[in-house]
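Before any comments, here is the structure.
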Amino acid sequence: MTDVRQGVVHIVGPEQGWTLPGMTVVCGDSHTATHGAFGSLAHGIGTSEVEHVLATQTLIQQKSKNMKVEITGKLAPGVTAKDVTMAVIGLTGTAGGTGYVIEYCGEVIRNLSMEGRMTVCNMAIEGGARAGLIAPDETTYAYCNGRPHAPKGAEWEAALTYWKTLFTDEGAHFDKVLTIKGEDIAPLVTWGTSPEDVLPITGVVPDPSSFKGGKVGAAQRSIEYMGLKAGQKLSDIEIDTVFIGSCTNGRIEDFRAAAAILKGKKIKDGMRAMVVPGSGLVRAQAEEEGIAQIFIDAGFEWRLAGCSMCLAMNPDQLKPGERCAATSNRNFEGRQGRGGRTHLMSPAMAAAAAIAGKLTDVRDLM
Amino acid sequence: MSPKTLYDKIWDAHVAHEADDGTCLLYIDRHLVHEVTSPQAFEGLRMTGRKVRAPEKTIAVPDHNVPTTLDRANAATMTEDSRIQVEATQTPKNSACTTIQ
């Protein structure tokens, strides 16, 4: 906990150049999917599999099916990689990716930074997929070049030659295809206790009777747990806690986006707001760029690196009934602390919520 | 040669063995390790007298349990269980992997 490189494992791996295109990457953690942003096959494994890999450096696997998710066009201002990945889950549901490895592609994905691509792949697992993948390109190579554990010199050139073969061939078969227009994606929030409970911030808490089959009861229970009412405007939901961080959104670009909203502003009186860097190196960079000071001046706590309030396995937790605008990846009952209520969103949206004291449309602050 | 997806290409490049029923043994390039899901696995290795096969490809860093307050060097902010788990990724008996302290 004293090494400046310490941080969330899925942020440390890419940052140090341990994660590279074409690799297989595993970890005893669901959000290993993050590393798929590099065009590496990456997924979580269980503890018995951890032991198997430690001992043999191999893993017993059945091949998954291929699914293509294409995001065309451009994103509107205020819409980020987090909104893209939440939009996909909103459409497929949490089981829509079950049995598949998703390849994300299209103009929107090509225009994302590596940080944004990691955010997209990170939540592939929340859509049920085994893994998420993005083919490596110039953006990927530029990110990897010069990292401490990336290849150097002639080895770099050889690696680059191989990485350039890592794309889906023309005419290759996908078992399932989903296409989304980038222009159709709005800043999103979750209203319920599943990552598929996604709506644009301009929406209202849904009426459970509008759902089909078994989902009626689930929606009813979600709304009760979350302390909401059907028909309530999402932008009227008051919050008391803001958490910016996690393997989903704890990278420098996430902090830049939040700081751009917070600059020169204060968070609402009484708000508990914390920003937790994904690694000691992200923390150092944010301090160097003056971003840390923007958070501190706005009233945020500027923390040391870790998983923090994403998962309530450390001292950073919600108390029963507390309601949090969170940039993490899971919102099930008790995820951030027993009885805690989680609304997932992008870092810019979380920053806007910290200022307004309620869920709010970041586009009104831009 | 039939066209392949990106997933097909990475998969094919890592199959060490394929059984008749299609189950594959996949080679793993990077094994990332954190303190919550690894202590039992390390203990399992110790009990069976096995070693980490590729220490340079096995990278351990604590993240789930660590406090994020500026005073975290003070162990009092961690539960005993958390402290034991963090140490399990870093103590000499498990240090046959790459560790970030």
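The values are calculated or read from the model by the stated rules, or taken from the named source; none is laboratory data. All figures in this text were calculated on a predicted structure; none of them were measured in a lab. Cβ sites come from the backbone with ideal geometry, for glycine too, and all protein chains shown count toward neighbours. Surface accessibility is based on the protein's heavy atoms, side chains included, excluding ligands, DNA and RNA. Shrake-Rupley method; radii C 1.70, N 1.55, O 1.52, S 1.80 Å.
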(request) Mind listing the long-range amide H neighbours of B:ALA60? Cut-off is under 5 Å, sequence gap 5 or more, other chains count too, H placed in the peptide plane at 1.01 Å from N. (result) B:VAL33, B:THR98, B:THR99, B:ILE100
(request) Could you state how much accessible area is buried at the B-A interface, both sides summed, with a 1.4 Å probe, in Å² to the nearest 100? (result) 5800 Å²
(message) Can you give me the % of accessible surface on the protein assembly as shown that is carbon or sulfur? Probe 1.4 Å, all protein chains present, nothing else counted.
(response) 52 percent
(request) When you have a sec, figure out the Kirkwood radius of segment A:223-366 from all distinct Cα pair distances and drop it here in Å to one decimal? (result) 14.8 Å
(message) Between B:ARG46 and B:SER2, how high is the FRET efficiency from 1/(1 + (r/R0)^6) when r is the Cβ-Cβ distance and R₀ = 35 Å? Nearest 0.05.
(response) 0.15
(request) For segment A:1-71, state which trypsin sites (Lys or Arg not before Pro) are in a DSSP loop and have at most 13 other beta carbons lying within 10 Å of their beta carbon. (result) none
(request) Let me know the shape class of segment A:26-108, please: from the alpha-carbon gyration tensor, a ≥ b ≥ c as square roots of the eigenvalues, rounded when a/c is under 1.5, otherwise prolate if a/b is greater than b/c, or oblate. (result) prolate
(message) Sequence gap at least 6, Cα distance under 8 Å: using those rules, report the relative contact order of chain B to the nearest whole percent.
(response) 28 percent
(request) Report Rg(Cα)/(2.2 N^0.38 Å) for segment B:1-90, keeping two decimals. (result) 1.54
(request) Sort out for me the Cα centre separation of segment A:320-351 from segment A:185-262, rounded to whole Å. (result) 8 Å
(request) Would you mind telling me which residue in A:GLY146, A:GLY93, A:GLY299 has the biggest mean-square fluctuation in a Gaussian network model of chain A, where springs connect alpha carbons within a distance under 10 angstrom? (result) A:GLY146
(request) Output ³J(HN,Hα) for segment A:191-207: one whole-Hz value per residue in order, computed from phi by the Karplus curve 6.51 cos²θ - 1.76 cosθ + 1.60 with θ = phi - 60°, and x for Gly and Pro. (result) 9, x, 10, 9, x, 7, 7, 10, 9, x, 4, 7, x, 10, 4, x, 7
(request) Assign one of three labels to segment A:28-181, namely rounded, prolate or oblate, based on the Cα gyration tensor with a ≥ b ≥ c the square roots of its eigenvalues; rounded applies when a/c is under 1.5, prolate when it is not and a/b is larger than b/c, and oblate otherwise. (result) oblate
(request) Name the residues whose placed amide hydrogens come within less than 5 Å of the amide hydrogen of A:LEU178, ignoring near sequence neighbours (fewer than 5 apart) on the same chain. (result) A:LYS68, A:VAL69, A:GLU70
(request) List the residues whose amide H sits under 5 Å from the amide H of A:THR342, counting only those 5 or more places along or on another chain, with H placed 1.01 Å from N in the peptide plane. (result) A:CYS324
(message) Between A:GLU157, A:GLU196, A:GLU115, where does the largest GNM mean-square fluctuation fall for chain A, given springs only between Cα atoms within less than 10 Å?
(response) A:GLU157
(message) Just to be sure I understand the curve: with the Debye formula and one point per C-alpha of chain A, what is log10 I(q)/I(0) at q = 0.08 Å⁻¹?
(response) -0.37
(message) Relative contact order of chain A, please, whole-number percent, based on alpha carbon pairs below 8 angstrom and at least 6 residues apart.
(response) 18 percent
(message) Tell me whether segment A:158-265 comes out rounded, prolate or oblate; compute the Cα gyration tensor, take square roots of the eigenvalues as a ≥ b ≥ c, and use a/c under 1.5 as the rounded threshold.
(response) oblate
(message) Can you tell me, using C-alpha contacts under 8 Å and at least 6 residues apart, the relative contact order of segment A:212-319 as a whole percent?
(response) 26 percent
(message) For segment B:44-93 and segment A:21-91, what is the centre-to-centre distance using only Cα atoms, to the nearest Å?
(response) 24 Å
(message) Loop only by DSSP, 15 or fewer other Cβ within 10 Å of the Cβ. Give me the trypsin sites (Lys or Arg not before Pro) in segment A:146-187 that pass, ordered by residue number.
(response) A:LYS152, A:LYS164
(request) Return the sequence-ordered ³J(HN,Hα) values of segment B:49-62 in whole Hz as given by the Karplus equation 6.51 cos²θ - 1.76 cosθ + 1.60 applied to θ = phi - 60°, using x for Gly and Pro. (result) x, 9, 10, 5, 5, 10, x, 6, 9, 10, 10, 10, 8, x
(request) Could you check what % of the DSSP bridge pairs in chain A are antiparallel, to the nearest 5? (result) 15 percent
(request) Compare A:PHE295, A:PHE167, A:PHE211 by solvent-accessible area with a 1.4 Å probe and give them largest first, with all protein chains kept in place. (result) A:PHE167, A:PHE211, A:PHE295
(message) Over the Cα atoms of segment A:301-366, what radius of gyration and what Dmax do you get, in Å?
(response) 12.1, 35
